[in-house]
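Read-outs throughout are calculated quantities, based only on the coordinates presented, and are distinct from any laboratory measurement. A quick note: this is a predicted structure, and the numbers were derived from the prediction, not measured. A quick note on method: Cβ atoms are made from the backbone with ideal geometry, for glycine too, and the neighbour counts reach across all protein chains shown.
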Amino acid sequence: MENSLCLNLSRVKKSNLIINKLHIFTHGFALLALIYYRTNFLFQIIKIEDKNTPLLPLALVFFSELILSFVWLLNQAFQWNPISRKVFPERLPVNDKLPSIDVFICTTNPIKEPSVDVMNTLISAMALDYPADKLHVYLSDDGGSSVTFQAVKEAWKFLKWWIPFCRKYEVKTRCPVAYFSADESKDDNEKFSSTEFIAEKKKIEEKYEEFKRKLLKIIENTSSFASRDHDPLIQVIKDGNSGVDSDETEMPLLVYVSREKRPFHPHHFKAGALNVLLRVSGLISNSPYILVLDCDMYCNDPTSARQAMCFFLDSKISPKLGFVQFPQKFHNISENDIYDSQLRSVWPKLESMDGLRGSILAGTGFYIKREALYGTSNIQEDVDLVQLQKSFGPSNEFIKSLILNYKPNALKDEDFSGLLLKEIKILASSSYDNNTKWGKEVGFRYFSVLEDYFTGFNLHCNGWISVYLDPARPCFLGSATTNLNEILVQYTRWVAGLVEVAFSRFSPLIYGPLRMSTLQSMCYAEFAYEFLIFLPIYCLAIVPQLCLLHGIHLYPKVRFEALFVATRKRLLGF
Ligand SMILES: O=c1ccn([C@@H]2O[C@H](COP(=O)(O)OP(=O)(O)O[C@H]3O[C@H](CO)[C@@H](O)[C@H](O)[C@H]3O)[C@@H](O)[C@H]2O)c(=O)[nH]1
Ligand SMILES: [Mn+2]
C-alpha cells in the first residue's frame, strides 16, 4: 500500500505476530491440559468418596487457576494483531486548509495543582505549532479560583513574549519550565550560538522569572483558593499591558471558563467540566477537533496537532476516526520506579489494541472529533428542533452550532455581545445537563468515574475507530503520582471506575460483542476484569504453602523416567 503522498503508514509487526500466536497456542494448550487434569481429579475424588484427600485446597487452587486462565485468555486479544504507525506531517496541506482545533485543559485546585505548573501546560498549548487563527485554548477552572483567573491573565502577558521567541527560533520544547531546565540550545545548531539569540533568550528567561514572581504574589494575596459554590465565569483573555515592543503577534484565542458549581448539585467531575467546555466552545469557536489535556500534562512536541491531522485528513480512515490517542509519558519518574508510576504495563496494551480498531481513550493527550462526541453528523437546517433539544438541552444557539457549516459569531464580535455571554453562561450552569442526553449519549459519559475509558468504549460501540501514535519524541509529558499514598488513592479510583462498568449492563463481555468485534471487547474486558486476579494472588500465596506443610499434594507427581518413556513412546512409537 505504498503511496508516496500518503499521510500515514501502518505496518503489521510480522515477527511479533508469529511469536505471539505460537505462544497463544502452546500456552493455551497447556492451560487446557491443566484444567482437564483438575476436573478429572476432582471428579474422581468425589466419585470414590476419597476422605483422605482434602477437597477445599484443591478447589481453591483450581478456582485460582480458572480466574488466571480467564484473565490470560482476555489478554491474548492484545497479542492478536500488533501494528506500528508512522506519520508524514510535511505532506499536510498548507496552513489555510488545515481544520481548526480547540484545546481543553482542566484544573480544579491551585493548591493541589500548583498554578505555575498549570500555566506551563497552558503556555505549551498556546505555543503549539499550528496556525494561530485555528487554535483556541480553553482553561476549565473547576475551583472557580481567583488565583487561576489572575494567573491566566499573567500567562497571556508572558505569552506575548514567549510565542514570537518560539516561532522565531523554532523552539522544540515550548513549555517554559522544561525549556529553561533542559537547554535545547546546546544542540549543534548555529542559530543557537548567535549573540542575538543569547541576548533574546536571556530577556525571555527574565520575563519568565518575573511571571513566576507575579504568580507567587497573587497566591500570597489570596486567602480562599477554590470553592464548591460559585457562579459561572467565562472570559476571553485579551490584551493587558504586556510591554512587548511591537505588538503584532498573532495569538491563539484564550478563554477562561469556570462553570457554575453548587454544593448539592452533581458536577460529574472531569467529564462534567469537559462537557461544559464542549458547549461553551461550540458557541465561541466550534472547532471540529479537540485536544484534551490534564493540567499536569504539557505539550512536549509542538507538532502533535499536525501529527494527529495526518490521520484526520486521511480520506481513507477519516470518516470513521473518532480520536487519536498519544501515550502518557512522565518527566518525574525515579530510576527504579518501584510502583510502576509510568504505567509500563498499560501502554503496550493500547498499542496492541491499535490493530483491532483502536486503543482505549486515556484521559489526556488525545485529539478527538467533536462530531464523535455529539453522536450526530450532517445535521441540516430543516432539522426537528424539539428532538434535538431533548438530546442537547434547551439552548437554541447551541443547537444552531450543530448544524453543518455553522460559523460562530463570537470570534468576530470580540467583545461578546451581552446576549451571547448570557447564553454561554446558561450552557455553563450546573443544571443544564438535567433531562438531556449529556453524559449518557452525548459528550463525555458520566456513568463511571473513569470517564475516559467509558467514553472511549461508547464511541467504539457506536462504530468509531481510533488510532494510537507513539512517536520517538513524546508529544505530551506529565507528572506521575510517585508516592505510595497517592498511588493507592489513584488506583482505588481507577479500579472502582472499572468495576462499576464490569458489573453493570455495560459489561464489555455482554454489551461489547453485540456492538464491536469480539477481540476488541476482550481487550476492554481485560481492563475491566483484571482486578479479579487479587483472588488467585491471595489463594496462591497461602494455600500451596499450607499444603506443603501438611504433606498435601496439589500437583501430580511426575517421575523423570516415566516422563521420558512417555515422550519417547509418543514421538518414536516404541
Ligand atoms: O472535578 C474534577 C476533577 C478533576 N478534574 C481534572 O481532571 C484531571 C485529571 O484528574 P486527576 O485527579 O489528576 O486524575 P488522575 O488519576 O491523575 O487522571 C487520570 O485518570 C482520570 C480518570 O479518572 C483521567 O481523566 C485522566 O486524564 C488521567 O490522567 C485534572 O486535570 C483535574 O484538574 C476536573 O477538572 N474536575
Ligand atoms: Mn493527575
> Taking the Cα atoms only, what angle lies between the long axis of helix 55-75 and the longest principal axis of the chain, rounded to 10 degrees?
Replying inline: 40
>> What's the ranking of 326-334, 25-33 by average number of surrounding C-beta atoms within 10 Å, highest first?
In response: 326-334, 25-33
> Does the stretch 474-545 classify as rounded, prolate or oblate by the C-alpha gyration tensor (a ≥ b ≥ c root eigenvalues; a/c under 1.5 gives rounded; else a/b over b/c gives prolate, otherwise oblate)?
Replying inline: oblate
>> Output the 0 to 90 degree angle, nearest 10, between the alpha-carbon long axis of helix 115-126 and the longest principal axis computed from the alpha carbons of the chain.
In response: 80
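Taking the Cβ of residue 387 as the center, what net charge do the other residues with Cβ under 14 Å away carry, scoring Lys and Arg +1 and Asp and Glu -1?
Numbers: positive: 390, 437; negative: 382, 384, 441.
Residues close to residue 387 contribute a combined charge of -1.
Go through 357-365, 228-236 and give me the packing order, highest mean Cβ count within 10 Å leading.
357-365, 228-236
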>> Residue by residue through the stretch 98-107, what is 3J(HN,Hα) from phi via Karplus (6.51 cos²θ - 1.76 cosθ + 1.60, θ = phi - 60°)? Round to whole Hz and write x for glycine and proline.
In response: 7, x, 8, 10, 9, 9, 10, 10, 10, 9
> Which ³J(HN,Hα) values in Hz, rounded to whole numbers, follow from the phi angles of the stretch 18-27 under the Karplus curve 6.51 cos²θ - 1.76 cosθ + 1.60, where θ = phi - 60° and Gly and Pro get x?
Replying inline: 5, 4, 4, 5, 4, 5, 4, 6, 5, 5
> With a 10 Å Cβ neighbour count serving as the proxy for reagent exposure, in which order, fewest first, do 436, 53 appear?
Replying inline: 53, 436
>> How tilted is helix 534-549 with respect to the longest principal axis of the chain? Cα atoms for both, answer in degrees (0 to 90, nearest 10).
In response: 30
> Over the chain, one equal point on each Cα, no solvent: what is log10 I(q)/I(0) by the Debye formula at q = 0.09, 0.10, 0.13 Å⁻¹?
Replying inline: -0.77, -0.91, -1.42
> Once you treat every alpha carbon in the stretch 342-482 as an equal point and sum by Debye, what is log10 I(q)/I(0) at q = 0.14, 0.15, 0.21 Å⁻¹?
Replying inline: -0.84, -0.93, -1.31
>> If you take every DSSP beta bridge fully contained in the chain, what fraction is antiparallel? Give it as a percent rounded to 5.
In response: 45
>> Counting only Cα atoms, I'd like the Rg/Rh figure for the stretch 283-339, Kirkwood definition for Rh.
In response: 1.08
> Within the stretch 95-187, which trypsin sites (Lys or Arg not before Pro) sit in a loop by DSSP and count at most 12 neighbouring Cβ atoms inside 10 Å?
Replying inline: 112
> What net charge do the residues around residue 96 carry, taking every other residue with its C-beta under 15 Å from that of residue 96, with Lys and Arg at +1 and Asp and Glu at -1?
Replying inline: +1
>> Going Cα to Cα from residue 390, which aspartates and glutamates come in below 13 Å? Please leave out same-chain ones fewer than 8 positions away.
In response: 433, 441
> Which whole-Hz couplings ³J(HN,Hα) result when phi for each residue of the stretch 504-516 is put into the Karplus expression 6.51 cos²θ - 1.76 cosθ + 1.60, θ = phi - 60°, listed in order with x for Gly and Pro?
Replying inline: 10, 5, 8, 3, x, 7, 10, 5, x, x, 6, 10, 9
>> With the cut-off at 22 Å, tell me which of the pairs 134/191; 153/425; 369/425; 21/320 have Cα atoms farther apart than that.
In response: 134/191; 369/425; 21/320
> Assigning unit charges at the beta carbon (Lys, Arg +1; Asp, Glu -1) and nothing else, what dipole magnitude in debye, to the nearest 20, does the stretch 235-383 show about its Cα centre?
Replying inline: 720
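Which net charge results for the neighbourhood of residue 301, defined as the other residues with beta-carbon distances under 11 angstrom from its beta-carbon, given Lys and Arg at +1 and Asp and Glu at -1? Provide the component values of the computation, followed by the final result.
Details: positive: 172, 174, 306, 329, 473; negative: 129.
The answer is +4.
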